[in-house]
Each structure stands twice: as structure tokens, then as C-alpha cells.
Amino acid sequence: MDIQAIRSQFPILEEKVHGKPLVYFDNGATTQKPLSVIHRLSDYYTKENANIHRGVHTLSQEATTAYENARNTIQKYIGAKENHEVLFTKGTTDSINLVAYSFGELLQAGDEIIISAMEHHSNIVPWQLLCERKGCKLRFIPMDDKGDLMLDTYVELLSEKTKLVAVTHISNSLGTVNDVKFIIDKAHGVGAKVLIDGAQSIQHIKVNVQELDCDFYAFSGHKLFGPTGIGVLYGKEEILNQMPPYQGGGDMIKEVKLEQSTYNTLPHKFEAGTPNIAGGIGLGTAFEFLNSLDMDKVHKHEQELLEYATTALKKIEGIQFYGQAKEKTSVISFLIEGLHPYDVGTLLDKMGIAVRTGHHCTQPIMDQFCIPGTIRVSFALYNTKEEIDLFISALERIIPMLKN
Amino acid sequence: MSIQEKEQEIIDEFAIYEDWMDKYEYIIELGKDLPLIEEKYKTEDRLIKGCQSQVWLHAETKDGKMKFTADSDAIITKGIIALLIRVVDNESPSDVATSQFSFIKEIGLQEHLSPTRSNGLVSMVKEMKLNALKAVK
Ligand SMILES: Cc1ncc(COP(=O)(O)O)c(C=O)c1O
């Protein structure tokens, strides 16, 4: 894989921060955007802007076609059976809330929902709200100290009361790649549906929703080289049809009478109001960018970065890693004895290096390890070993500054 | 020295640092030298929890002047606390209550006092002023 050719597609990587070349290691929070996506957004606003699904004029027709084409591109990429199983949302959080509300309406008091100990807050709180609303019970798959889910316990948690299992495909804090195929098959064995939080997946590994056989798959555009404010909820047609609408408004109705309305078909039933048109179109372009890559090579490159950085970090005295799962993506969470993550993050920033510090919206994980947070570096396909060298030498400069 | 003079003194001190790392080296030294809050005051009600770092603040009034001691788990946060306290310690409650701490911006550390930074400092400044306001009455 020609990394320089890929880097040249990401203009932000040429930027300087505090006079130093930017080293961007916060890809778990959001990824940078290739020129194709940036140009697609500006072209849309420059030449094509119009509201969709509601005009006979040329621009509206063209914008509608572009938006629907984006849906088709995404459908093909994730292997959905139908294009109307791809719902546009604001992002992962919005997708999960949609399911928690609408699918949640089908649940009853005493029903159980299983999540895991490594979920992002956005895959915890919507279920807590649902449990409060409906009197359902939330159960948890525990995690061992390496950051692997304890799947034996999971199997024991399953029963005919289980109505939904919602777990992350890949942990944003620890990098753990969960065996979601196993989780899905076991859940289906008791008749439960499964939602996979795919926020950290598609940018790193190939995902096929039909092969996984998940019932829902949620992700955000901004983490896979697309715009912010747009994401997807994939859902199986049959289940989406059973679910009541999430929000009411324009586009989602077939017929409105003052007393009562009838709802539109999928996907419109779940897409009330004027959507993020530019975002949807830009997300389609981000998927075209993914299509131009060989994901096996991307994965191999990122694994090399992971190994290279881990080996270098291991030499640092007092370093402690969090997340050493059997299968991991290119995320390293760590602490250095006696050093506060806030201090390390602040000084790295002054040297041009962007990392994440804190609890990464996964407080239960931090509680399990009894730490307030970690320093997290997360690599994307455009990162290089040279950047890791810069990061390590920055750390070597910072550590003596902070130690007493 | 007035609050303003103290602020100017800090601005002058920082003027000699051209490089960010040198500036931070100095802040870290200040953090290490900060006279610590007494252990008995490190209680839950004096703890200001930020998402990134935490701060303890103890305030009292003696002979009509405000006295502050504080601590933080992060050393850079502590260094900035040292600067804030240096400016308002031993000042009258009304001066503390109206202090703007504008020198922080001048020395380029504004980011640490941003609410989104979530390091406990914004709440600490608020807490200092609230304590001063109580003492004015
Ligand atoms: C695993 C995981 N789930 C959910 C989210 C929430 O994504 P968003 O904020 O884009 O809705 C994130 C993003 O940080 C994540 O990493």
C-alpha cells in the first residue's frame, strides 16, 4: 500500500500545530477527510443544493438521485439485502436511540436487554432510559482484565426473557475486536435480536451485515472519513416494518389527516424532516474512498503500526497498557506511572501530536481498572512509523519534565 | 502589590519563553512548588471534579484578606492554580470577586480555562469568587 499516495489525499495532514507538523493519533474520536469528500461537499453546495424527495425541478431531482445513490453505495459496501434497510441518521448515537425508542416500544416489563461492560456511553444510556420507560431489565456481559468479553457468562445470561443484545463490534477505548458472530448466533438461539455498535469497525475491517446476520448495525460517517452529523442505522426490513416510527414530520408520512396519518414505507418512515443531504452524499463519497482501498492491506498496515508502537512503548519505564485482547485494532490505551494523562496530553499537543486523554466515554471500563482515564493513541490508514517515532521521542522528552 | 501589578509581573516572567516547552517547564516547576492544601482539607466537599483532572480548593478569610490553598492530581493544572492563587491570595474579598484573571490569556494559557477542557479550573475560579462574595457580605 502506497501510504504517501494515501496521505496526499488528506490535506489536513500537511497542517502544522504550534509550529510542528501535525501527528494525528486521535482517529478513534474522528478520522480526517480525503479531498474527494471535501470536494463533494463543496460541489454539492456550489452546484446542486436543493431539497430532496419533494420537487419536480431539476436540482431537486438531481439532489435526490445523488442522495439515493449514496444510500445504494453504502448498501452494497456493507452487504445489506435492500437499499431501504439503510437508514440515514445523525450518527451512531442517533441510530442507537432510534432502536431504543422504536424497537423499545415493542418490549414489555420484565423483558431483558443485554449489553457489555465495554460499551460506549451511547450504547448504555439509551438502554437505561428504555428500561426506566418500560420496566425492562438491563444485564451485562462482563469483561476480563485483558479486555476480552467473558462469553461463557454471556451464554448463561441468555434466556427466553432476552429480547435484545446490544454490543460493540470494536471497543473504542481498548481496541478489542469482539466475536460478534458468536454473540449474534447465540442470541438468535433464544429468539433475541442483536444490535451491533459499529462506530469503530468499518474504517478498519470489512463488514458484511448479511454474513454477520445482525438485526441492526449502527455507525457514524465521521469516523470513516465522511462528514460529521451523518450516520447509518442498518436494520432488517422485517423488523423495521414492525417498529413504530421514531419521529414525526415531513417525508415520513404517506397521508396526513388532522386526526391521524399513515406512514410512509422504508426508509422514509424513519427519516422525518429534511435530512442532512450534503452529509449523506458526502458519506457516499467516503464509501467510494473505502471502495478504492484494499481493506486487507489497510488492516495489515494498521496492525504493523500497532505492533511497532506497542514494542516501542514497552521500553518506557512504568508503562501500563489497558486492553490486551486476543484480537485488537490499532488502538493503544496506556498510563505511565506517576504521570497524569492530562499533563501528557497537554505537552504532546504542544509538540504537534494529537492524542486523546480521559475516560473516552467508557467510564465503566475505567471503573473496572480503577483508573480515572488513559492516554489513547488510535491509528488510521494514513499514519506512519515515522509519526510513531516522533511520538515516542516526544514522550521521551516529556517524561523527565513531569517526573519529580 | 495590587492584583494588576502581580498579573503584569507574571506576564513579564512569561515573556522570556519563546518555546512552548520552556513555558510548560516553568509551569510544571510552579506546580511542584505550590504550597499544598493541608491533607485534612482534601475532603469531598472541597473537591472539584473535572472530566480530565480534579482540583481541591480551600478558601478562608483572615484579617479581611482571602487565603487560598489548593491541589490537583495533574501537575500542569497545579501550575496554573499556582499562578491564579499568586494573583489573588492575600487580597480583599471584593478585589478577588471582581478579578478577571485576564493575564492567563496574555501568557497563552487560555485553553486551560476553557469550559470544554473539563479540568476543574473553570469551576475552581468560580468557587474562588463565590467564596470571596460570601466574605464581602
Ligand atoms: C464504540 C462507539 N460507539 C458509539 C460512539 C458514538 O458515536 P457518535 O458520537 O458519532 O454518535 C463512539 C464514538 O466515540 C464509539 O467509539
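The values are calculated or read from the model by the stated rules, or taken from the named source; none is laboratory data. Fair warning: this is a prediction, and the values are worked out from it, not measured in the lab. Positions of Cβ are generated from backbone atoms using ideal geometry, with glycine treated the same way; all protein chains shown enter the neighbour counts.
Of all residues in segment A:97-127, how many are more than 23 Å from A:G147 (Cβ to Cβ) and of a type outside the set (A, V, I, L, M, F, W, C)?
Of the residues in that region, 10 qualify.
Just to be sure I understand, how many residues within segment A:186-200 are touching an Asp or Glu at 6+ places or on another chain (Cβ under 8 Å), among the hydrophobic types (A, V, I, L, M, F, W, C) and away from the ligand (no atom under 15 Å from the Cβ)?
Final tally of qualifying residues: 2.
I need every pair where a residue in segment A:247-268 that is on the phi > 0 side of the Ramachandran plot has its Cβ under 9 Å from the Cβ of a residue that is of a type in the set (A, V, I, L, M, F, W, C), sequence separation at least 6 or different chains.
From segment A:247-268, the pairs are A:G249/A:A272; A:D251/A:I52; A:D251/A:A272.
Please tell me if A:I183 is within 16 Å of the ligand (Cβ to nearest atom), away from chain B (no Cβ under 14 Å) and closer than 19 Å to A:F287 by Cα.
Considered against the rule, which asks whether it is within 16 Å of the ligand (Cβ to nearest atom), away from chain B (no Cβ under 14 Å) and closer than 19 Å to A:F287 by Cα, A:I183 comes out as no.
Every residue in segment B:59-81 that is within 30 Å of A:I398 (Cβ to Cβ), surrounded by fewer than 21 Cβ atoms within 10 Å (Cβ to Cβ) and of a type outside the set (D, E, K, R), please.
If the condition is that a residue be within 30 Å of A:I398 (Cβ to Cβ), surrounded by fewer than 21 Cβ atoms within 10 Å (Cβ to Cβ) and of a type outside the set (D, E, K, R), then B:T69 is the only one that fits.
Please specify each residue of segment A:356-404 satisfying the condition of being of a type in the set (S, T, N, Q) and either closer than 21 Å to A:L306 by Cα or within 19 Å of the chain's Cα centre (by Cα) (or both).
Residues satisfying the conditions are A:T357, A:T362, A:Q363, A:T374, A:S378, A:N383, A:T384, A:S393.
Pairs, please: C-beta under 9 Å, at least 6 apart or cross-chain, first residue within 27 Å of A:K403 (Cα to Cα) and in segment B:74-93, second outside any helix (DSSP H, G or I) and of a type in the set (D, E, K, R)?
Hits for this filter: B:K78/B:D71; B:I81/B:D71.
Which one is farthest from B:K49 (Cα to Cα), of the residues in segment B:113-127 that are in a helix (DSSP H, G or I) and polar (S, T, N, Q)?
The qualifying residue farthest from B:K49 (Cα to Cα) is B:T116.
From the list A:Q368, A:Q320, which residue is away from chain B (no Cβ under 14 Å), at pLDDT below 95, closer than 29 Å to A:N123 by Cβ and touching a strand residue (DSSP E or B) at 6+ places or on another chain (Cβ under 9 Å)?
Only one candidate passes the filter, namely A:Q368.
Can you tell me which residue among A:T64, A:T30 is in contact (Cβ under 8 Å) with a residue 12 or more places away in the chain and within 16 Å of the ligand (Cβ to nearest atom)?
A:T30
May I ask you to list the residues in segment A:226-237 that are over 21 Å from A:S102 (Cα atoms) and more than 10 Å from the ligand (Cβ to nearest atom)?
A:G226, A:P227, listed by residue number.
For segment A:343-363, which residues satisfy the criterion of being within 27 Å of A:T92 (Cα to Cα) and either facing chain B (nearest Cβ under 7 Å) or within 16 Å of the ligand (Cβ to nearest atom) (or both)?
Correct list: A:A354, A:V355, A:R356, A:T357, A:G358, A:H359, A:H360, A:C361, A:T362, A:Q363.
Within segment B:25-41, is even one residue away from chain A (no Cβ under 14 Å), loosely packed, with under 14 Cβ neighbours inside 10 Å, farther than 25 Å from A:R376 by Cα and in contact with an Asp or Glu (Cβ under 9 Å, 6 or more places away or on another chain)?
No, segment B:25-41 has no match at all.
Could you tell me which of the residues A:K257, A:K223 is away from chain B (no Cβ under 14 Å) and away from the ligand (no atom under 16 Å from the Cβ)?
When all the criteria are applied, what remains is A:K257.
The conditions are (1) under 28 Å from A:S333 (Cβ atoms); (2) away from the ligand (no atom under 14 Å from the Cβ), and A:S171 fails exactly one of them. Which is it?
Of (1) under 28 Å from A:S333 (Cβ atoms); (2) away from the ligand (no atom under 14 Å from the Cβ), only one is false for A:S171: (2).
Restricting to segment A:259-270, name every residue that is crowded, with 20+ Cβ neighbours inside 10 Å and either at pLDDT below 95 or basic (K, R) (or both).
Correct list: A:K269 only.
Kindly indicate whether any position in segment A:91-106 is at pLDDT 95 or above, within 16 Å of the ligand (Cβ to nearest atom) and under 15 Å from A:G282 (Cβ atoms).
Scanning segment A:91-106, I find at least one residue that is at pLDDT 95 or above, within 16 Å of the ligand (Cβ to nearest atom) and under 15 Å from A:G282 (Cβ atoms), so the answer is yes.
Of A:R397, A:R376, which residue is closer than 28 Å to A:Q203 by Cα, basic (K, R) and either outside any helix (DSSP H, G or I) or within 14 Å of chain B (Cβ to nearest Cβ) (or both)?
A:R376
Report every pair of residues separated by at least 6 positions or lying on different chains whose Cβ atoms are under 7 Å apart, first residue within segment A:151-167 and in the same structural domain as A:A218 (by TED's automatic domain parsing), second among the hydroxyl-bearing types (S, T, Y).
That search, which allows pairs on different chains as well, returns A:V167/A:S116.
Within segment A:44-52, is there a residue that is under 30 Å from A:D251 (Cβ atoms) and among the acidic types (D, E)?
Checking segment A:44-52: at least one residue is under 30 Å from A:D251 (Cβ atoms) and among the acidic types (D, E).
Would you confirm whether or not segment A:381-390 contains a residue that is touching a helix residue (DSSP H, G or I) at 6+ places or on another chain (Cβ under 8 Å) and within 11 Å of chain B (Cβ to nearest Cβ)?
The answer is no; no qualifying residue exists.
Read through the list (1) within 16 Å of the ligand (Cβ to nearest atom); (2) assigned to a helix (DSSP H, G or I), then give the number of the only condition that A:T46 fails.
With (1) within 16 Å of the ligand (Cβ to nearest atom); (2) assigned to a helix (DSSP H, G or I) applied to A:T46, the lone miss is (1).
Looking only at segment A:111-150, count every residue that is touching a residue at least 24 places away in the same chain (Cβ under 8 Å), in contact with a strand residue (DSSP E or B) (Cβ under 7 Å, 6 or more places away or on another chain) and not hydrophobic (A, V, I, L, M, F, W, C) and tell me the total.
So the answer is 10.
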